[in-house]
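Enquirer: Right, I'll just put the structure down here and ask away after.
Laboratory data are not the source of any read-out in this text; all were calculated from the coordinates shown. Just so it is clear, the model here is predicted, and its values are computed rather than measured. We place every Cβ from the backbone using ideal geometry, glycine too, and count neighbours over all the protein chains shown.
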Amino acid sequence: MKFIKYFIVGLVFGIVLTKSEAVSWYRIYEMFQFQSFHMYGIIGVAFFTGLIGIQLIKKYKLKDFSGQTIIIIDKEKGSFRYWVGGLFFGLGWALVGACPGPIFILIGAGFYPVILILISALLGTFIYGVLKDHLPH
Amino acid sequence: MEFIYQTWTWYYSGFIIGLVMLSLIYFGKTFGMSSNLRTLCSMAGAEQFADFFKFDYKSQFWNLIVILGAMFGGFIAVHYLGDASNVDLNPKTITELSHLGFDTPNGKLAPDAMFANTVFQSPKMILILIVGGFLIGFGSRYAGGCTSGHAIQGLSNLQLPSLKAVIGFFIGGLIMTHFIFPLIF
């Protein structure tokens, strides 16, 4: 049952995101209006925690649970795709107040209209895959 | 134990999210929710339409288990850990939202105007959910990641591409809330 650990990580993730209200459409709107520090605090602390963790991992060449040295792959170099992809994503994120993780979490929480968001997100991913070679990266 | 039912603070929540990411790294994986969208497309047969979906999606099974866990997490948090005092927004936000036609939180995570089952009867809201979802699905794959992969893991790993993506996310979000919302709501 090696997958249990992933389920537990997901469970914790789902609970924290819901209790911190990072999945809340209201909180995303409030964030983009700069009317609360809350969301910036969450992202900032997560980033900071990750930063320290990853720097320790690299400095001490720490090993993962299977004994292999942890290597975190760099993101592909580029510019246009990050700016423009980011822009499209941001428009959607603000419009429906959710990004991929929260989409699943909100469905679990009982917000069934989010299923429409999910289906449409899958469609968006599909269309990207089909058009990819014709898009500037 | 009262604090469990209240809104969890940003410093506590952000720290746990950081630990979630580090746990996945410790398990030899990465923190990235949007790749699940690609995996689901591949499982549904999208590889017949584009090479992008031709990959060993069984290797991503662990990530599908993570989101399954996350769905359960959402269920548990809402049904067993909720409180009417939650989603305590800035009063200015509440006022602005009511001018746009959005109901006050009263402890709800999302407005009825967009997320109650009644929206299935509103063509406008259905269109908004579809457009929003499409932008998220298309944009996250184009940018190669979403808030988990770029804003949290990417920035923690000091990746310049992630900084560009995150700035893009923000500009998009600001354009939507400041310029487009007043036009559509």
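Enquirer: Residues that are farther than 19 Å from A:L91 by Cβ: which helices (runs of 4 or more DSSP H) entirely in the range B:70-145 hold 3 or more of them?
Expert: Working: elements: B:91-99, B:112-115, B:123-142.
Because the criterion is at least 3 residues that are farther than 19 Å from A:L91 by Cβ, the helices (runs of 4 or more DSSP H) in the range B:70-145 that meet it are B:91-99.
Enquirer: Here are some residues: A:I115, A:I127, A:I28. Which one is among the β-branched types (V, I, T), more than 7 Å from chain B (Cβ to nearest Cβ) and under 15 Å from B:V131 (Cα atoms)?
Expert: On the way: A:I127 fails: more than 7 Å from chain B (Cβ to nearest Cβ); A:I28 fails: under 15 Å from B:V131 (Cα atoms).
It is A:I115.
Enquirer: Checking B:V87 against (1) surrounded by 20 or more Cβ atoms within 10 Å (Cβ to Cβ); (2) on the phi < 0 side of the Ramachandran plot; (3) in contact (Cβ under 8 Å) with a residue 60 or more places away in the chain; (4) among the aliphatic types (A, V, I, L, M), only one condition comes out false. Which one?
Expert: B:V87 satisfies all of (1) surrounded by 20 or more Cβ atoms within 10 Å (Cβ to Cβ); (2) on the phi < 0 side of the Ramachandran plot; (3) in contact (Cβ under 8 Å) with a residue 60 or more places away in the chain; (4) among the aliphatic types (A, V, I, L, M) except (2).
Enquirer: Now a separate question. Return yes when B:G168 is more than 7 Å from chain A (Cβ to nearest Cβ), crowded, with 21+ Cβ neighbours inside 10 Å and touching a residue at least 12 places away in the same chain (Cβ under 8 Å) and no when it is not.
Expert: Values: more than 7 Å from chain A (Cβ to nearest Cβ): no; crowded, with 21+ Cβ neighbours inside 10 Å: yes; touching a residue at least 12 places away in the same chain (Cβ under 8 Å): yes.
When the stated conditions are applied, B:G168 does not pass them.
Enquirer: Would you check if there is a residue in the range A:38-53 being outside any helix (DSSP H, G or I) and either at the interface with chain B (Cβ under 7 Å from one of its Cβ atoms) or touching a residue at least 12 places away in the same chain (Cβ under 8 Å) (or both)? Even if it seems obvious, please write down each step before you answer.
Expert: Of the range A:38-53, the ones outside any helix (DSSP H, G or I) are none.
Scanning the range A:38-53, I find no residue that is outside any helix (DSSP H, G or I) and either at the interface with chain B (Cβ under 7 Å from one of its Cβ atoms) or touching a residue at least 12 places away in the same chain (Cβ under 8 Å) (or both), so the answer is no.
Enquirer: Taking the range B:148-165, which residues are under 14 Å from the mean Cα position of the chain (by Cα), facing chain A (nearest Cβ under 7 Å) and free of Cβ contacts under 8 Å to residues at least 40 places away in the same chain? Break it down into steps so the answer makes sense when it comes.
Expert: From the range B:148-165, those under 14 Å from the mean Cα position of the chain (by Cα) are B:148-152; that's our starting set.
This time we only want the ones that are facing chain A (nearest Cβ under 7 Å), so: B:148, B:151-152.
Once the filter is applied, which keeps residues that are under 14 Å from the mean Cα position of the chain (by Cα), facing chain A (nearest Cβ under 7 Å) and free of Cβ contacts under 8 Å to residues at least 40 places away in the same chain, the range B:148-165 yields only B:A151.
Enquirer: Follow-up. Just one of the numbered conditions (1) in contact with a Lys or Arg (Cβ under 9 Å, 6 or more places away or on another chain); (2) among the aromatic types (F, W, Y); (3) part of a helix (DSSP H, G or I) is not true of A:F65; which one?
Expert: It is condition (3) that A:F65 fails.
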